[in-house]
Amino acid sequence: MTLANVFVKTASDRWLGWVIAVVSVALFLLMGMATYREIDLSVYTSLPEAFRSLIGIGDDIDVGGLAINVMFGTWGAIAMAGLALAMGSSAIAGEERDGTMDILLANPKSRTYVLLSKTGALVTSIALATVALWIPIYPIAASLGVEISGLEVEALTLHLFANSVFFGLLALAIGAMTGDKGKATGITTAIMVLSFFGVGFLPLVDGGDAVTKVLPWYYFDGSDPVTNGIAWGHLALLGGGSALLLLAAIVGFNRRDLKGQSVGTTMLDRIRGNPLLNRMIGRLAGSARVSSIWLKTISDYQTLVLIASAAMFLVMGVMMGPMYASIPEETLKTFNELPENLVALFGGGDMSTPEGWYSLETFGLMAPGAVILVTVVMGAGALAGEESRRTMALLLACPISRNRIVIEKLIPMVFYAVIVGFVTFAGVSIGSLIPDLGMSIGNIAATATLQTLVGLVFGSLALALSAGTGRTSIAIYGAIGAALFFHLFNSLGALNEGLDDLGWLTPFSYYLGNDPLNNGMNWGDAAVLAAVSVILIGLSFVLFQRRDIRQRG
């Protein structure tokens, strides 16, 4: 790769993910508008004001406004910001991890030039994807006979662009200053997710409105741009923050010693530095040439898992109990007024109870999302990642079979999935005990177990795609896209009887379909999720055995 093509190469490496995201959001918008046409919207307009504000529903919401708010303004924004942070975290730290940064800098161009080329590719990709998202909105509405002429779609689109650029540059800045892609991805993801949910739920707590103004997501939709138009002050803050992040990236990148592919003190290095632990691991692992595969894999993803686990334990687990207990009684009473089909869209459950609160806030989206994030990233990188870094040939040069490599990559993925599930269980249990909410510890454990299993389904899918294609982008986008599709399909099934009949096709129906926080473990559901994971893992062995290994990333 010559330096003159850094911009083009960076953009071309990521085009598939943006295309998949744009097509997926457009399909979700089409499905959402078609679904909402079939229901009585009075179930939304009659909601208490606090909850209409929570999910972006105005006083005079119609089919078009509801679909654009939910599918475009929420899911589309999450998809765009997620892709932006993935591209930003790989821009500098990814090159260092793959050992290709020294090749770039061997050309007669400065570090600043490389970083600005990467930034230009990031911003251009976001801009093109944003325009591509905006283009089909009007044709979709017209084809379904849905009126959207009174909505400020362009204002929402501009806010979406600014929000995505901010999170992309946040990930780029962290990666440029640390050289650690795991930290860049994990920290940015944590900030994005916490700010998204904070903007939604903090206003329900006394004094929470003021706190939301320090969260980045507030400046995306806090002014309700689809109704009120462009909020130039909010855009200025997102733009100014992005400029400061770019400056921090330039300064940090220019002042830091760059890492080679194997540079850095990891958990594995610290274990090896302890003579006793090193001898114990050596006895367990066997041949010195391949004994560190599973340990190195555990070490490679420790930052991502640590951040995901901390968020699930402390924020989505421990803190949610006292937050629920602190909500005023008059607000709690309004929970009973929420229609069942709307609650199902966000995870299900009686929201006037602690179990319903945790189903909505923690287990409905965040808990499976945390496990899916970890398992998909690990599954995609397990085999395709080694090929993209051109290290798979070194592994296979050792006396080790392909099946052994798959197993040693699989073990850390399962281990970390269990870790995230366990810390979620521990956090929710403590969150229930502190204010004495009276939730069943056994039922919490059952729900966390199902959370782990549904995460492993999509992690196993990523592993199979990684084994079959050798491309991390296909594995990640394919698995994440499938998870998003099945989640929305499962949620929209509660609003459309025709879709409800097909609910058995989505893994999420075996996750919270039996309401395990209230009813405990359904072992049939657990067996289905486990069986799907086993089938996909078995497919991974077959696909990896039969495929020629790619020698270049």
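Once the chain from residue 15 to residue 214 is taken as fully extended at 0.36 nm per residue, the excess over their C-alpha distance is 68.4 nm. Summing charges over all other residues whose Cβ lies under 15 Å from the Cβ of residue 88, with Lys and Arg as +1 and Asp and Glu as -1, gives +1. Evaluating 6.51 cos²θ - 1.76 cosθ + 1.60 at θ = phi - 60° for every residue in the stretch 110-127, the Karplus couplings come out as 7, 4, 4, 4, 4, 5, 5, 5, 5, 5, x, 5, 4, 5, 5, 4, 5, 4 Hz, glycine and proline recorded as x. When Rg and Dmax are taken over the Cα atoms of the stretch 113-191, they come to 16.5, 51 Å. For the stretch 60-157, the convex hull drawn through the C-alpha positions has a volume of 108 cubic angstrom per residue.
Counted by Cβ distance under 15 Å from residue 431, the other residues give a net charge of -3, where Lys and Arg count +1 and Asp and Glu count -1.
Laboratory data are not the source of any read-out in this text; all were calculated from the coordinates shown. On a predicted model such as this, the values are computed, not experimentally measured, just so you know. Glycine gets a Cβ as well: all are built from the backbone with ideal geometry, and neighbour counts include every protein chain shown.
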